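The values are calculated or read from the model by the stated rules, or taken from the named source; none is laboratory data. Values in this document were obtained by computation on a predicted structure and should not be read as measured data. Positions of Cβ are backbone-derived with ideal geometry, glycine not excepted, and every protein chain shown enters the neighbour counts. When the accessible area is computed, the model is the full protein with side chains, heavy atoms only, and any ligands, DNA or RNA have been set aside. Shrake-Rupley method; radii C 1.70, N 1.55, O 1.52, S 1.80 Å.
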Amino acid sequence: MIQQPHELDVRPILRNGGEPFQAIMQAVSGLKPGQGLRLLATFRPEPLFRVMEGRGFTSKASEIDGGDWEVLFTPKAAAEPAVDVSTNAEMPQLWPDPETSLDLTDLDPPEPMVRILAATEQMEPGRVLFALLSREPLFLFPELTRRHHQWVGSFDDAGEAYRLLIRVGTKTENSDG
């Protein structure tokens, strides 16, 4: 069954001088498996094409009335789900098995992020935590990186749950506040 693309009009955000990237990424994380995104913008969003391609989408842009743009992002047919990896992750296939597992699929943001960060604070460096979430934790990734943790994540085959492995980084001298 073909899904109708989710429509997101970021023209009001842009006209008010705002940055729509967060709204776009939230819309993308809320897409159903196989669902596309129809984006309406005041310009042709060239930098977004590369970001969306990295997330498994093709793009088709066309100018519409008044100089605005419509971009249709369509998911590529993929044999396997895309895997997100932190820039500092070292060979995740060699990480130890997770010592802690959290099923956070029934929680709304920001609770999953709060619980994951609290759990990593209790773990020794090098240990691994597994978390199952109802959506991709876009706001968690920069915080994990800031805390020197490594992470690898992807959606399950059904696209219904986001699986996340976090390897706890070395505690810094400023970690206690």
- Message: Take the conditions within 22 Å of Met25 (Cα to Cα) and either touching a helix residue (DSSP H, G or I) at 6+ places or on another chain (Cβ under 9 Å) or touching a residue at least 12 places away in the same chain (Cβ under 8 Å) (or both) and apply them to Thr100. Does it pass?
- Response: no
- Query: Looking at (1) in contact (Cβ under 8 Å) with a residue 24 or more places away in the chain; (2) of a type in the set (Gly, Ala, Ser); (3) open to solvent by less than 20 Å² (accessible area, probe 1.4 Å), which is the one condition that is false for Gly30?
  - Reply: (3)
- Query: Residue check, Met113 against (1) surrounded by 16 or more Cβ atoms within 10 Å (Cβ to Cβ); (2) in contact with a strand residue (DSSP E or B) (Cβ under 8 Å, 6 or more places away or on another chain); (3) more than 22 Å from Met91 (Cα to Cα); (4) not polar (S, T, N, Q), all met but one. Which one?
  - Reply: (2)
- Query: Is there a residue in segment 117-124 that is open to solvent by less than 40 Å² (accessible area, probe 1.4 Å), farther than 25 Å from Val51 by Cα, part of a helix (DSSP H, G or I) and touching a Lys or Arg at 6+ places or on another chain (Cβ under 9 Å)?
  - Reply: yes
- Within segment 31-52, work out how many residues are touching a strand residue (DSSP E or B) at 6+ places or on another chain (Cβ under 7 Å) and closer than 21 Å to Gly159 by Cα. 7
- Query: Which ones in segment 129-174 are hydroxyl-bearing (Ser, Thr, Tyr) and either under 15 Å from Asn88 (Cβ atoms) or part of a strand (DSSP E or B) (or both)?
  - Reply: Thr145, Ser154, Tyr162, Thr170, Thr172
- Message: Checking Ser62 against (1) open to solvent by 60 Å² or more (accessible area, probe 1.4 Å); (2) over 16 Å from the mean Cα position of the chain (by Cα), only one condition comes out false. Which one?
- Response: (1)
- Message: Is it the case, given these coordinates, that Leu72 is closer than 25 Å to Pro142 by Cβ and either hydroxyl-bearing (Ser, Thr, Tyr) or modelled with pLDDT of 90 or more (or both)?
- Response: no
- Query: Which of the residues spanning segment 89-108 are surrounded by 11 or more Cβ atoms within 10 Å (Cβ to Cβ), modelled with pLDDT under 90 and either assigned to a loop (DSSP other than H, G, I, E, B) or among the aliphatic types (A, V, I, L, M) (or both)?
  - Reply: Ala89, Trp95
- For segment 41-58, state whether one or more residues are open to solvent by 90 Å² or more (accessible area, probe 1.4 Å), part of a loop (DSSP other than H, G, I, E, B), in contact (Cβ under 8 Å) with a residue 12 or more places away in the chain and more than 30 Å from His149 (Cα to Cα). yes
